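One structure is given here, and the rest of the page talks about it.
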Amino acid sequence: MAVPVESVARPGITTDWGAALLEDWIAENPGNAAQIVIIELGANDFEMKRKRIDTKVELEKIIQLCNAIGADTLLVECPRGFVRDEFHELEREVARNNDLELLPDSMFRFLVLWGPYAPPGMWLSKKSRLSDDGIHPNRRGDAYLARKVATKLAALYGDQILAKQ
């Protein structure tokens, strides 16, 4: 039996918006608790010049909401500045403090390398790239990211989580 997946992702989402969306989802689905919540938030907070502490507080709030409904949490590290990053290791710190599994940002950095503006992506045909703008995944990039998340989930919960109907 396939495990149902529901996404509350939105373009441009920040951690405070993510917390509000999760609160709304919980209110709309009482007694229908999530088993696993995958949190991949914080890059837009950085882009919008939010303070690191505010982003950390919102991530902690999301984790508390997940704990309250009995959901396991997988935290995904977001890449931000490649040279300067005030948010450096934010997700690692939050994961350590909350004893959470962490999926490192290396998979996102791979998107940049397989995009149009950095080698080797700049040398690839457009149909071989994982990103069309060097930041956001295209269809191939989405499939790549989904495989990385699925691999992590299978390592945590066993291959049965990948079973198809």
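The values are calculated or read from the model by the stated rules, or taken from the named source; none is laboratory data. Please read all numbers here as calculations on a predicted model, not as lab measurements. Neighbour counts are summed over all protein chains in view; Cβ atoms, including those assigned to glycine, are modelled from backbone coordinates with ideal geometry.
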> Looking at segment 60-94, which of the residues that are β-branched (Val, Ile, Thr) and not in a helix (DSSP H, G or I) is farthest from the chain's Cα centre (by Cα)?
Replying inline: VAL83
> Looking at segment 98-107, is at least one residue out of contact with any Asp or Glu (no Cβ under 8 Å at 6 or more places or on another chain), without any contact (Cβ under 8 Å) to a residue 12 or more places away in the chain and either more than 22 Å from LYS148 (Cα to Cα) or in a helix (DSSP H, G or I) (or both)?
Replying inline: yes
> farther than 22 Å from VAL37 by Cα, modelled with pLDDT under 95 and either in contact with a helix residue (DSSP H, G or I) (Cβ under 7 Å, 6 or more places away or on another chain) or not assigned by TED's automatic domain parsing to the domain that holds GLY42 (or both) - does that describe any residue in segment 65-77?
Replying inline: no
> Can you find a residue in segment 109-130 that is closer than 22 Å to VAL149 by Cα, touching a Pro at 6+ places or on another chain (Cβ under 7 Å), in the same structural domain as ILE26 (by TED's automatic domain parsing) and surrounded by 15 or more Cβ atoms within 10 Å (Cβ to Cβ)?
Replying inline: no
>> Quick check on my filter: what residues within segment 15-48 are more than 12 Å from the chain's Cα centre (by Cα), assigned to a loop (DSSP other than H, G, I, E, B) and modelled with pLDDT of 90 or more?
In response: MET48
> Which ones in segment 95-114 are of a type in the set (Phe, Trp, Tyr) and within 13 Å of the chain's Cα centre (by Cα)?
Replying inline: PHE108
> Could you say which residue among VAL57, VAL149 is modelled with pLDDT under 95 and part of a helix (DSSP H, G or I)?
Replying inline: VAL149
> Looking at (1) at pLDDT 90 or above; (2) not assigned by TED's automatic domain parsing to the domain that holds LEU21, which is the only condition ILE135 fails?
Replying inline: (1)
> Taking segment 57-92 on its own, how many of its residues are under 18 Å from ILE135 (Cα atoms) and among the acidic types (Asp, Glu)?
Replying inline: 2
